[in-house]
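> I'd like to ask some things about the structure below.
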Amino acid sequence: MTARPSTIFLAAVTALVAVLLYSPLFVPIVSSFFTVAHGEVVWSSPTVAAYVSLAGNKEILTALRATLIVGACTVLLSVGGGTLLALYYHGRRSGRGALQFIIFLPFLMPPIISGLALLIFFREVGLERSLLTVVIGHTVFVLAIVYRTVLTRLQSLSRSLVEASYDLGATGWQTFWRVLMPNLSSAMAGGAILAFALSFDETMITILVTGTQSTLPVRLWAMMRLGFSPDINALVALILIFTVLLCVLAARVLIPKQVATAAH
Amino acid sequence: MSGRDSLLLLRRSGLPGRRQGPSMNEKSDLLTLRSVSKSYGAVPVLHDVNLAIRDGEFLTVLGPSGSGKTTVLRLIGGLEPMTSGEIRLDGQDISRMPINRRPFNTVFQDYALFPHLTVAGNVGYGLSVRHVPRKEIARRVAEALELVQLGSFAKRYPTQLSGGQRQRVALARALICRPRLILLDEPLAALDLELRRQMQEFLKSIQREIKTTFLFVTHDQEEAIGMSDRICVMQAGRIRQLGTPHELYYKPNCEFVARFFGENNLVPGTLGQVQGELRSIDTALGRLICSVAGQPHLKNAPEGACAFAMFRPEALHVSEVHDGKNHFSGKIVDVAFAGSSTVAIIAVGEDRSAPRLRMRLPSRFSGSALSASETVALSFAPREAHLVLS
């Protein structure tokens, strides 16, 4: 079978768009394996020197540690809070519409606005800027993602599952732990991964509300103002690979289960 | 171990087969509903429902969609609160008993099997939440699965089962807790016809064996006739009639039941005189004689009251012999072969508004003796005809 001209045309356009849009993403990865001299990439000498110097960069490692701490705390808070809020919304309780609007607001607002609002708030209540304020800022921002992921799963579960559990003699607590949680866990895991990925990359809010410690993207931002170094390429490459891995993981956690529930 | 053996085991260990109180013969009321009403906001769905469920019976709640039949089941199960009225179990008010303390279990329309648990996990759930020792759970799960003939499926997940198998898992899960009453909410609605027939027989045989009371909700009157000891017909949130399938089929107490319950011929008219167990009614077919045996309200209804003469399609037959009762002639409009039987549609009189009757005859290989547009003499026996007040 020969391809029709329209098919070939479509394929060509798709390829062109893909190359134009996404190839810049791979430039730092490629160039991180070469030396840079006088602002130019020397293609003749492949090296991992950039990675070695990155590993020895104390500031980067400190920033990485801060990022991981912030990410872990954000994940804990947003998964716990997002699940509770989704359960509240699903329970058809009062004020659910307004609540949902408020949850989505920080996610939809420009980050600089959210960041400024938080900054002003923290100053008003006298909360010193630190990693704690960063965690709060990130949680407010990513809560919507976890909430939505868990709520979607909750809504796809048949109401009769919970009814069946009560009907068979389970208490509310048993129903929560034995029926709801196992069926929500993969959605919570998927939400957690997405929350971590968002927290990991978040820059704007972090710059505004952080104290003396900086997270990895903020560190990167600072490094860039001093000019490009191979370290930056290496760091960008690592972050990029890590984010892609997280997204693949999130997709794997989230999708198969949904197929299973649909088949049921 | 065969299903039969496991049944014996169930009995010996005092599973649902055990009955308390009165003996088999004098069936006592297990559960009574008194003036039960239910509204969703301002929308009433049940009006003043009174119902007594007898211990050990197979009672079907039958009605078209929106008749409130599922609501009755959900109120009994405790899945929803009543607006008013009370529910008594063995004479004790359980209206406020929470769902997880009621000794009833439900087979849901969508089965509601827990997708994250195996078949064994699903069936054992009711025992495990009550902290029954693990060994006993394993033993009783095995028994229950044998009973529903799914012994080898214990380790499968619900998604790996067919519709009929899921149905049986749901049943095993409901009966393992030895409930006083099993509530079944249109459990066969999702199955195809052949499987539905099998499951009807299966359900009935299990009910007979374990002798637990079944409350079965359906909109399928054929299903109801085939399975039930008694049927409760509902319409628009009210119980219209409660009785054995035979009573409902031959002595419906209102036009709704007469029309809803199987094919029927209803001819409107005005009541005439009573002669013993028979009463005449004047209709477009002439004066018809119908039985009023055992129906004092029809015997005592005033002359001239509006009513229907009712006779089933299988009661009508072609007859040249004229004995003066329930005899008339009609023109065959259509003859339809329906497998084991053949249905003829008959117009009586030339008028367009003239009554149309259905006659059902056993089919013969040689074909029907009737053909369309033929005029035939028809009659039915007075004892096969009944009256329904309109």
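> Using Stokes-Einstein with the Kirkwood hydrodynamic radius over Cα pairs, what translational diffusion coefficient do you get for region B:263-389 at 25 °C and a viscosity of 0.890 mPa s, in µm²/s rounded to a whole number?
Rounded to a whole number, D works out at 163 µm²/s.
> Please sort A:19-31, B:355-367 by packing, taking for each peptide the average over its residues of neighbouring beta carbons within 10 angstrom, highest first.
Ranking, from highest mean packing down: B:355-367, A:19-31.
> Positive end of the dipole of chain B, charges at C-beta (+1 Lys, Arg; -1 Asp, Glu), about the Cα centre: which of B:GLY286, B:HIS386, B:SER373 has its Cα farthest in that direction?
Farthest towards the positive end: B:HIS386.
> With each run of n ≥ 4 DSSP H residues scored as -39500 (n - 2.57), what mean residue ellipticity at 222 nm is computed for the protein assembly as shown after dividing by its residue count and rounding to the nearest 500 deg cm²/dmol?
Result for the protein assembly as shown, helices only: -15000 deg cm²/dmol.
> Count the net charge of all other residues whose Cβ sits under 13 Å from the Cβ of A:PHE104, scoring Lys and Arg as +1 and Asp and Glu as -1.
My count for the surroundings of A:PHE104 gives +2.
> For region A:50-263, go through all pairs of different Cα atoms, get the mean of 1/r, take its inverse, and jot down that Kirkwood value in Å.
Taking every pair of different Cα atoms in region A:50-263, averaging 1/r and inverting gives 18.9 Å.
> Can you give the FRET efficiency to the nearest 0.05 for B:SER366 and B:GLU201, using r as the Cβ-Cβ distance and R₀ = 25 Å?
Working from the Cβ atoms, E equals 0.15.
> What residue among A:SER199, A:SER32, A:SER78 has the largest mean-square fluctuation in a Gaussian network model of chain A, using Cα springs under 10 Å?
The residue that fluctuates most here is A:SER32.
> Sticking with this one: Would you mind counting up the charge near B:ASP282? Only other residues with Cβ under 15 Å from its Cβ, with Lys and Arg at +1 and Asp and Glu at -1.
Around B:ASP282, the surrounding residues sum to +2.
> I've got another one for you. Sort A:103-116, B:159-172 by packing, meaning the average of other beta carbons within 10 Å per residue, with the highest value first.
B:159-172, A:103-116
> To two decimal places, what compactness ratio does region B:3-250 give when its Cα radius of gyration is scaled by 2.2 N^0.38 Å?
Normalised Rg, Cα atoms only: 0.98.
> Another question about this same structure. Can you work out the FRET efficiency for the pair A:PHE104 and A:LYS58, with r the C-beta to C-beta distance and R0 = 30 Å, to the nearest 0.05?
So the FRET efficiency works out to roughly 0.15.
> Turning to a different aspect of this structure: Below 29 Å Cα-Cα, how many Lys pairs turn up in the protein assembly as shown? Only count pairs eight or more apart in sequence, or on different chains, if you could.
For the protein assembly as shown, qualifying lysine pairs total 20.
> Once fully extended, how much extra length lies between A:ARG92 and A:LEU249, figured as 0.36 nm per residue of separation less the alpha-carbon to alpha-carbon distance?
53.3 nm
> Now, a different point. For B:ARG259, project a label point 7 Å along Cα to C-beta. Then give me every residue of region B:198-238 with its amide nitrogen under 19 Å of that point.
Answer for region B:198-238: B:219-222, B:233-238.
> Let me confirm one metric for peptide A:154-164, namely the mean number of other chain beta-carbon atoms within 10 Å of its residues' beta-carbons.
5
> Taking the Cα of A:LEU127, stepping 7 Å toward and past its beta carbon, and measuring to each backbone N in region A:78-99: which are under 18 Å?
A:78-82
> Just tell me how shielded B:119-131 is by partners: mean number of partner chain Cβ atoms within 10 Å of each residue's Cβ, no decimals.
The shielding value for this peptide is 3.
> Let me ask you something else. Could you work out, residue by residue across B:169-177, how many beta carbons of other chains sit within 10 Å of that residue's beta carbon, and then give the average as an integer?
Mean shielding count: 1.
> A further question on this structure: How much length would be gained if the chain were fully extended between B:ARG134 and B:THR375, taking 0.36 nm per residue of separation minus their Cα-Cα distance, in nm to one decimal?
Stretched fully, the B:ARG134-B:THR375 segment lengthens by 79.3 nm.
> Just B:GLN275, B:GLN149, B:GLN207 to compare: in a GNM of chain B, with alpha carbon springs under 10 Å, which one fluctuates most?
B:GLN275
Bear in mind that the values in this text are calculations on the coordinates, not laboratory data. Because the structure is predicted, anything quoted here is derived from the model rather than measured. All Cβ positions, glycine included, derive from the backbone under ideal geometry; neighbour counts span all protein chains shown.
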